[in-house]
Amino acid sequence: MTLQSSSQKDRPSISNWERVSFEVTRFVVGILARILSLTGLYHFGRAFATLEWLIQYKRRRRFAARMQELFGTEMSPVAVRRACWRHFVRVRNDKLYYLIFDLLPPEKVLRRFTITNKHLLDDALARGKGAHLAMSHLGSHHVGFFCLRASGYTVAIVRDPKEGAMRRYMRCKHETTWGDQMRYFRNDVFPRTMYRWYENNGLLMTALDVAGRGVEHVKTVEATLFGKRRPILPGPIQLASRCGAPTLQGFVVTRKNFHYEFELHGPLVDPAEDQSTDERLAAAVQAYADGIERFARAYPCHVSRI
């Protein structure tokens, strides 16, 4: 079975109502981008998000509770309100950009996308054994996924089969357009295709911060994160190490006017240097958790799970 045929077999189902509603929304957003430019579309999205922020009291309350859970009394009420408004703006504009990404000229995308410490990724891929990006549920890693593809990388991402309708819809769109240069793997199947992906020197993105949701059947390792012991998935790191692929940590920073910065750190694990031991794995998992905490403190509006 080829990678392409496997991708077609696993393609998610989209209802007729979902398809029509997203097609109409995509058409409208695309027209707005042409009339207003991307900068104008960003300001339109910010105004719409501000309205959402004003009327969605329960969502604001959930965000404040999340900040309290993570940071305690470190953030003042004013800082929490500011981070909450920025969170609304970020999420709304990320969705707008996500819907029309494949309709934009590549040069427009690349002008708005930068990779910090790009040499780490290029050095890892130069070995010919692939690379693993340990992501998290902070920020819009799905936008970074597409931006990496636009930058010329052959990239795959591990997704939950129960993901939302918009992501299922856009997945079908992008797989049709880019085929084997952009792949999705389900997190509930045997990772044979992931082994093949690394063998073909592919780049694989996974999120390891599971937050205890639906992972009772999966092995986890606890790490200290925001002062508490929380579960982290070690499996993707171990799989990459067996294939000889280094594990880097990545974050996507959303900035104004649809500018995105992909931060790379690490490596957390380098199979060429590190021994595969329980102690080394635990150290890598803790380094991953420390990176998440630093990023969340720097960009509290990028917290996604509220």
What is the distance, in nm, between label points placed 7 Å from the Cα along the Cα-to-Cβ direction at L54 and at V78?
2.2 nm
Would you calculate the volume per residue, in Å³, of the smallest convex hull containing every Cα atom of segment 235-306?
108 Å³
If the elastic network links every pair of Cα atoms under 10 Å, which of I237, I100, I157 fluctuates the most in the Gaussian network model of the chain?
I100
Within straight-line cross-link reach of K256, lysines at Cα separation under 18 Å, skipping those fewer than 8 residues along the same chain:
K95, K108
If you add up the charges near G130, with Lys and Arg at +1 and Asp and Glu at -1, over every other residue whose beta carbon is less than 12 angstrom from its beta carbon, what do you get?
+3
Need one number for the chain: average projected area of the convex hull over its C-alpha atoms, nm².
15.9 nm²
Using only the Cα atoms of segment 184-296, each taken as one equal point scatterer with no solvent, compute I(q) by the Debye sum, divide by I(0), and report log10 of the ratio at q = 0.23 Å⁻¹.
-1.45
Nearest 5 is fine: what % of DSSP beta bridges in the chain come out antiparallel, could you say?
45 percent
FRET efficiency (S15, D278; Cβ distance; R0 35 Å; to 0.05) is 0.15
Over the chain, give the accessible area per residue in Å² for a 1.4 Å probe, as an integer.
49 Å²
Round to a whole number: what % of the accessible area of the chain belongs to carbon and sulfur, probe 1.4 Å?
53 percent
Sorted by packing (mean other beta-carbon atoms within 10 Å per residue), highest first, where do 194-201, 121-128 land?
194-201, 121-128
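The values are calculated or read from the model by the stated rules, or taken from the named source; none is laboratory data. Note that the structure is predicted; figures quoted are calculated from it, not measured. When we count neighbours, we look across all protein chains shown, and the Cβ atoms used for this are built from the backbone with ideal geometry, even at glycine. Keep in mind that these areas ignore ligands, DNA and RNA; they rest on the heavy atoms of the full protein, side chains included. Shrake-Rupley method; radii C 1.70, N 1.55, O 1.52, S 1.80 Å.
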